[in-house]
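Everything below concerns the one structure shown next.
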Amino acid sequence: QSALTQPASVSGSPGQSITISCTGTSSDVGAYDYVSWFQQLPGKAPKLMIYEVNYRPSWVSNRFSGSKSDNTASLTISGLQDEDEADYFCTSYTSSGTVVFGTGTKVTVL
Amino acid sequence: EVQLVESGGGLVQPGGSLRLSCAASGFTASPFTLHWVRQAPGQGLEWVSYITTYSDIIYYADSVKGRFTISRDNAENSLYLQLNSLRAEDTAVYYCARDRGHVEFDVWGQGTMVTVSS
């Protein structure tokens with residue numbers, strides 16, 4: 001049950017687009033389209049941003065989008081805003097029935 | 001309001017035990033798979049365990065297998081986590097979360113802190 005690999009930090013200027021990668025294996029990210037992304041603000045519980053690779057809950061801006069290729073999932077934030085500064089975590093269902101989270105990425109708005 | 005509220009955290013000595021509770025309100029928890037997720041201070045999220053609707057399927061992370069036990073009471077609309085043989089590395093905020101699909105954690109509690117220290 002090794003954690004999925006994410007970059008430790010990603011930064012961008014307001015209005016720019018950034019992409020966060022989430023790399024796993026053929027036993028997790030590559031096995032199913034069951035990848036979700038969460039945003040976590042300091043001291044707060046995580047918030048669901050993307051599910052099943054590329055679906056957005058009703059409360060999430062369309063500036064957030066997800067994709068997947070083989071064993072790597074990605075979260076793209078378009079039109080970066082100050083309020084997007086947070087930690088982001090990916091997660092995946094695995095072929096053994098368990099769940100694994102990513103290492104987390106700190107997004108900084110310059 | 002749909003919410004989950006955890007309780008039961010605290011300070012415990014290594015080797016000790018604790019029972020966490022997660023009360024659901026504003027919705028009926030029985031149709032949902034429920035998870036426990038933890039976060040050590042300054043660290044990332046770590047999945048701990050989940051239990052399906054009728055408690056027929058239960059999984060644990062390797063790091064807690066044999067020491068933690070998840071359970072639920074649908075009549076009480078509640079989820080539980082029994083933590084035994086606690087270690088310093090179990091120190092974390094423990095969150096419960098509702099899963100509306102596969103890792104679609106759409107509702108989270110505010111978390112309860114567990115500190116394992118002598």
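No lab work stands behind these numbers, since they all come straight from the coordinates. All figures in this text were calculated on a predicted structure; none of them were measured in a lab. Cβ atoms come from the backbone with ideal geometry, glycine included; neighbour counts cover every protein chain shown.
Candidate cross-link partners of A:LYS106 among the aspartates and glutamates, defined by an alpha-carbon separation under 12 Å and a same-chain spacing of 8 or more, comprise A:ASP84, A:GLU85, A:ASP87. Taking 4.7 Å between beta carbons as the limit, the protein assembly as shown has no unpaired Cys residues. Quick one: what do you get for chain B if you divide its Cα Rg by 2.2 N^0.38 Å? Expressed relative to 2.2 N^0.38 Å, the Cα Rg reads 0.99.
Evaluate E = 1/(1 + (r/R0)^6) for B:SER7 and A:SER58, where r is the Cβ-Cβ distance and R0 equals 25 Å; express this FRET efficiency to the nearest 0.05. If you can, show how the numbers build up before the last one.
Values: r = 29 Å, r/R0 = 1.18.
With a Förster radius of 25 Å, E is 0.25.
With θ taken as phi - 60° and the Karplus curve 6.51 cos²θ - 1.76 cosθ + 1.60 applied, the whole-hertz 3J(HN,Hα) list for the range A:90-102 is 9, 8, 9, 6, 10, 5, 8, x, 9, 10, 9, 9, x Hz, x standing for glycine and proline. Label separation (B:MET113 vs B:THR52): 3.7 nm, computed from points 7 Å beyond Cα along the C-beta direction. Across the range B:54-118, the relative contact order, built from alpha-carbon pairs under 8 Å that are at least six residues apart, equals 24 percent. Computed from the C-beta positions of A:THR76 and B:THR28 and an R0 of 45 Å, the FRET efficiency is 0.80 to the nearest 0.05.
Evaluated at q = 0.07 Å⁻¹, a Debye calculation over the C-alpha positions of the protein assembly as shown (equal weights, vacuum) places log10 I(q)/I(0) at -0.21.
Quick one: compute the contact order of chain B, relative version, from alpha carbon pairs under 8 angstrom and 6+ residues apart, as a percent. Please list the in-between numbers first.
Numbers: 288 pairs, mean separation 42.5, N = 118.
Answer for chain B is 36 percent.
Across chain A, C-alpha contacts under 8 Å between residues 6 or more apart give a mean separation that, scaled by the residue count, equals a relative contact order of 38 percent.
What is the antiparallel percent of DSSP beta bridges lying wholly in the protein assembly as shown, to the nearest 5?
Values: 68 of 77 bridges.
Bridges in the protein assembly as shown are about 90 percent antiparallel.
Semi-axis lengths, largest first, of the ellipsoid equivalent to the range A:25-107 are 22, 14, 11 Å, with √(5λ) applied to each eigenvalue of the Cα gyration tensor. This ranking places A:ILE50, A:ILE18 by how few other beta-carbon atoms lie within 10 Å of each, fewest first, which gives A:ILE18, A:ILE50.
Using the number of other C-beta atoms within 10 angstrom as an exposure proxy, rank B:CYS22, B:CYS96 with the fewest first. Don't jump to the answer; show the numbers that get you there.
Details: B:CYS22 26, B:CYS96 31.
Ranking B:CYS22, B:CYS96 by Cβ neighbours within 10 Å, fewest first, gives B:CYS22, B:CYS96.
Sort A:TRP59, B:TRP108 by Cβ crowding within 10 Å, fewest neighbours at the top.
Numbers: A:TRP59 9, B:TRP108 22.
So the residues, fewest neighbours to most, are A:TRP59, B:TRP108.
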